[in-house]
Amino acid sequence: MVTERPKPKKRQPAETATSEWRAGLPPPKPILKWAGGKTRLIPDVLARLPEHITTYYEPFLGGAAVFFALARSNRFEHAILTDKNPELVDVYRAVQQDVESVIEELSRMTHSEQAYYHIRAQKPRGLIKRAARTIYLNRTGYNGLYRVNRSGEFNVPFGRYKNPKYCDPPRLRAASLALQDAEIFVSDFEQATRDATKGDAVYFDPPYVPLSPTSNFTAYQREPFGLGEQERLAILFDELGRRHVHAVLSNSDTPITQQLYKPFHVDKVSMPRAINSRASGRGNVGELLVVYRRQKAR
């Protein structure tokens, strides 16, 4: 499924965005919790991306932590942000296009177990209502998980938070400002990056190869992201590098990923995994950071 690609917006100068953040808005940060979010990995990823990027691509958008970090330092001229999850894409498009209406819709919502299940059962029409519902469920659901069943229905239970901040106007407005430089649409990762060329950069943060059968985080959309998709991504990573596109990728440290990315420069890092259904699964995990730089043949 690919939505109609929106026409690019005229880019506002970088200094305008910077002055507005300094004038009252906080620097842009993720507006959603996301399993495998990259907040703690940001310095490592940024160090592997160019200082100046013509078009920045992020085909597995998720919580968009890397995008917002790049926006804070004005390192790209334009961004193309995509994901296969239409509800996720709706959030970013609504915040980009009409953040005040999103804030107004969220401000009407109340926090209680009854309210949560009532909102979870809804199937609202209209971009703003759909986006507000997703933000609310994400911020008030159990452990910040996003999970759907085989029918594509959100099925995370109520979270036991005392005062979840699902309506955060300054953060939403800062995100909206950062998103003005972006095209946002539903797309497969291969199609999303088909126009990438020299001077552009891509960061891939796909659903990770599971460390074990119980650590599978790929059920965030109807279509599973299995071994075939991982292999297709590795082929695309190589193709982009051959086209002189600066490509960076993160994934779990497993025998599968080690084999897939063996031809490239790979660094191993240890990162805490905060979102897990079990407390025992929230310790440090091994991850790989891959950069397109072929190793010399031995």
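Bear in mind that the values in this text are calculations on the coordinates, not laboratory data. Computed from a predicted structure; not experimentally measured. Every residue, glycine as well, gets a Cβ built from its backbone with ideal geometry; the counts of neighbours run over all protein chains shown.
Side notes on the structure shown:
- Using a simple spin-label model with pseudo-atoms 7 Å out from Cα toward Cβ, residue 269 and residue 113 lie 3.9 nm apart.
- Rg/Rh ratio calculated on Cα atoms of the stretch 91-214 (Kirkwood radius): 1.01
- If you sort the three axes of the alpha carbon gyration tensor as a ≥ b ≥ c, you get a/c of 1.5 or more for the stretch 85-124 and a/b no higher than b/c, which makes it oblate.
- Put simply, the stretch 29-160 fits an ellipsoid with semi-axes of 29, 16, 13 Å; these come from the alpha carbon gyration tensor as the roots of five times its eigenvalues, largest first.
- Reciprocal of mean inverse Cα separation for the stretch 14-291 (Kirkwood radius, Å): 19.3
- Across the stretch 104-170, the fraction of Cα-Cα pairs farther apart than 15 Å, rounded to a whole number, is 48%.
- Local electrostatic count at residue 171 - Lys and Arg +1, Asp and Glu -1, tallied over other residues with Cβ under 12 Å: +3
- Greater than 22 Å apart at Cα, pairs in 33/268; 38/268; 33/129; 38/84: 33/268
- Pairwise Cα distances in the stretch 61-100 exceed 15 Å for 45 percent of all pairs.
- Remark on the stretch 25-68: Rg and Dmax equal 10.9, 29 Å (Cα only).
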